[in-house]
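Have a look at the structure below, then the notes.
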């Protein structure tokens, strides 16, 4: 994504989506945004097989994964067009800066995978008092243009998603059972990367809920390659992360969000971090190793010496 120039109007507090909607007719006239394919796009539970699994690549995916892959592909096309608009330059430039710094492509080039980074850039990277994102602006525009409500529903689930820390509680057939720290939500999910894990592991991942309120697809999907977290005792000894250690981390940091109750503070922290690139930086500095279906991270975001690629961590480990 390339940087865009935008006017510096600190006095203008109008929400981004309203700025775009205000000029929607002009966008259509100049054909900056081609909305035809969006009006025709449909994603409904009752005709899922006809509308989603019509592409050879999508047909190879788990159905729930296929729904979100389809939605993300559609959303990416729209975001690429929206990113050209000066009104969204703050988001576009922040995305471009992060892309240049972290080079998201997955190990060994970067521990930030494309799936992780795109979800962060579309749904978590925000601007303004209303914390608008590429995803939220796209949803508002889709509603304005009368895009299929089923597709908008998938976009909304993606926009409401966030990363989370989960305890692995076993597996059965094709699903893995996870329990989220702090919220204690119990989740039955598929893992498209193929990683099954072992009971007791702690995962850092973005888990998407079932895409439809009714129907046969009543399970979740881990949309990102699982990050399995732990600690480095020395350069060659990786210790599996403990639930106690991460609960202590949250005890130290949830109050910094300014949110009153623990659940809200956790949601805010995992969605937005304590600064814009908080979780990107954590993944970047915590990387230890990887295999095709998972990535190992070590340390805690608020303890530099525990992170293997921080200056303090490299000194402690003798790297």
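Structure notes:
- Note that the range 163-317 shows a convex hull volume over its alpha carbon atoms of 115 Å³ per residue.
- The range 163-317 - share of DSSP beta bridges that are antiparallel (%, nearest 5): 80
- The range 97-112 versus the range 211-229: alpha-carbon centroid distance in Å: 24
- At full extension, residue 240 and residue 262 could sit 5.4 nm farther apart than now, given 0.36 nm per residue minus the alpha carbon distance.
Values in this text are rule-based calculations from the coordinates and carry no lab data. No experiment lies behind these values; they were computed from the predicted model shown.
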